[in-house]
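Here's the structure we're looking at; comments come further down.
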């Protein structure tokens with residue numbers, strides 16, 4: 001209960017006790033001491049214990065005194081706080097004056113910053129214009145890049161076509177070198193020349209010479225010689241000689257000849273005419289023998305029979321025989337044999353066809369070198385290719401007995417010259433957990449044991 005309420009209640013009780021006609025209880029008395037009201041015995045007013053009420057009132061008064069003391073202390077604290085606040089207010093006024101000076105400085109700084117801001121806005125405007133120009137440039141470069149990418153795709157297609165053409169050309173060249181498949185007019189012709197196959201013009205010409213089949217100037221001439229055909233110079237000469245000999249034998253005088261004149265003029269005086277006639281008969285017999293030998297390709301060898309037999313049997317050293325056997329055996333020094341040999345061996349470096357063909361080879365397993373301790377490299381020689389400038393197309397691959405599938409660098413070609421290039425090989429392995437690809441040490445002895453080699457191909 002609040003102290004004011006208790007005090008009010010005590011006052012009301014006292015007022016009621018004074019005004020009540022009821023006599024206090026027997027033996028009760030009310031004493032006022034220095035500490036408040038003290039009842040020696042309980043005093044009842046209208047059934048209310050005045051002593052208890054006064055005690056309550058006394059307690060309320062004590063509480064009011066304590067509250068008053070607390071209020072006084074609070075007032076003292078408030079006065080101290082007011083003094084502190086006044087001091088703080090003075091300090092705040094000084095700070096405000098300092099801040100007013102700072103504000104003035106800030107206003108000057110803001111004005112300067114405004115000028116710098118205007119300059120920055122001008123610079124931003126210029127940069128925005130530059131950005132628009134740059135955007136236009138980037139757009140143009142993007143279009144050019146797209147065109148370049150399109151050209152790259154076209155070039156890639158052309159490279160694939162060129163590679164396919166080179167592969168086909170390599171296959172055709174291999175077929176030409178080995179006279180194998182796929183068959184081409186060149187391989188078929190060369191094989192027919194080499195094997196003297198029937199059905200070719202060369203075989204027909206040689207067979208016609210061997211069998212003296214009519215149809216060519218040479219065979220027709222030989223047949224005319226063999227058969228002493230009418231109309232040939234040989235036939236005319238033999239017939240004329242026969243007629244003259246007949247006339248000489250019969251001394252008919254037709255046709256007239258120096259022999260006839262000499263015989264008829266000297267018949268009676270020259271005894272040696274019979275010897276001459278006998279000699280003429282012997283010469284005719286020898287001529288007949290020689291004609292028969294020429295017809296049958298036998299008897300005493302003559303230039304004609306020797307030449308015909310050499311042509312038939314492809315023997316001797318005549319230009320025709322040498323050319324034919326050279327074509328058959330791929331030997332000799334004829335232009336055709338030389339050309340075919342240079343095509344096969346790729347030795348004619350001035351030939352456009354040879355220079356357009358790829359050159360290929362492989363390295364020796366012992367030619368590897370250490371680089372520096374965990375990798376190896378090899379210098380590949382192309383000197384045998386005869387290139388005068390570095391080739392445009394060079395490819396390489398690594399092969400061997402083991403381990404070469406776990407390497408990097410086999411297809412990476414380093415500085416290419418007309419005579420050489422270099423390949424570096426780094427061995428790798430997968431490390432767990434990962435996967436992580438790491439390099440591991442490799443020795444030249446391991447490379448030699450694995451029989452690693454670089455197979456390469458180059459073309460201008």
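Where a number appears in this text, it was derived from the coordinates with a stated rule and is not lab data. All values reported here derive from a predicted model rather than from experimental measurement. Methodologically, a virtual Cβ is constructed for each residue, glycine included, from the backbone with ideal geometry; neighbour enumeration extends over all protein chains shown.
Structural remarks
- Counted residues, segment 378-416 - those being more than 19 Å from residue 365 (Cα to Cα) and either surrounded by 13 or more Cβ atoms within 10 Å (Cβ to Cβ) or in contact with a strand residue (DSSP E or B) (Cβ under 8 Å, 6 or more places away or on another chain) (or both): 11
- Checklist (1) touching a residue at least 12 places away in the same chain (Cβ under 8 Å); (2) under 27 Å from residue 163 (Cα atoms) applied to residue 353, failing item: (1)
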